[in-house]
1. Calculate the mean, over all residues of peptide A:96-106, of how many other protein chain Cβ atoms lie within 10 angstrom of the residue's Cβ.
2. Please give the FRET efficiency for B:VAL25 paired with B:SER5, using the beta carbon to beta carbon distance and R0 = 25 Å, rounded to the nearest 0.05.
3. Determine, for each peptide in B:64-71, B:16-23, the mean count of other beta carbons within 10 angstrom over its residues, then list the peptides with the highest first.
4. Work out, step by step, the length gained on full extension between A:GLU63 and A:ARG50: first 0.36 nm times the residue separation, then minus their alpha carbon distance; give nm to one decimal.
Amino acid sequence: MRDEPLDEADEEADEEPTRPRAAINPWPLLAVLVVAILSWFGYQAWHLQREHRSLVQIRASSEAPLDQARKRRAQLESIMRRTFELAQKGNPGATLILQELARRGVTINPAPPGTPPGTPAPSAPAPAAPAPPK
Amino acid sequence: MTLGSRLARWETWVTVGGVLVLALVGVDIALFERNRGVQAELASRQQFLQQTAQLETLQRELINAIANLAARNNDDALRGILTEHGIAPGAAPRPPGRP
């Protein structure tokens, strides 16, 4: 007895014509997604290109100080090499300078520039000078 | 326009967009690598400049020592080292970047 109203309602629902579901087209959504990703990577490319330009400018502006630093370093190395040679010949002043440098922990590598690192140097100090950058 | 042809058009555009995305990803990777190379070069330059600045003090002291010893001992060989490098004995070496 108590189930009757429910049964009626079910019957009515069964009688209603089923509405056709509208087919969802995924392509517009996908297109929006693709455009968003495209915009993001496009922006990244633009940003990276801009960054590259500024890096190139910085590199260009560092050329002059770098050249000067190379010259200064070459001069220092040359002076040290010549002092070392003089000390090897027994010059007391040069020997004194070398001793003072050694006391400060400065060693001179008399090998000419271009000698590959690791080449044994005769008992000699070297102001640890890294290879100049390009 | 039929539904089928409209779908085909969407599909074409999305495919073209996808190909462009892939191309842009490649371009971005290349640009990033290029920038990283320049940044590494700049960092190495900066390090070189800093190390050279630290060596400036040593160079000044070395030149002063050579000049003093050459003057005290009247040592032409030592004086010769300075003159070879265009440094007048007694003249303090110029700091870099200052005329």
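1. Working: counts 3, 8, 0, 0, 3, 4, 0, 0, 2, 0, 4.
Mean inter-chain Cβ contacts per residue within 10 Å come to 2.
2. Values: r = 31 Å, r/R0 = 1.23.
Here the calculated transfer efficiency is 0.25.
3. Working: B:64-71: 18.1, B:16-23: 14.6.
In decreasing order of mean packing, B:64-71, B:16-23 become B:64-71, B:16-23.
4. Details: separation 13, 0.36 × 13 = 4.68 nm, distance 2.05 nm.
Contour length minus Cα-Cα distance gives 2.6 nm.
All of the numbers you see were taken from the coordinates with simple rules; none came from a lab. All of these numbers come straight from a predicted model, not from anything done at the bench. With ideal geometry, Cβ positions are generated from the backbone for all residues, glycine too; neighbour counts draw on all protein chains shown.
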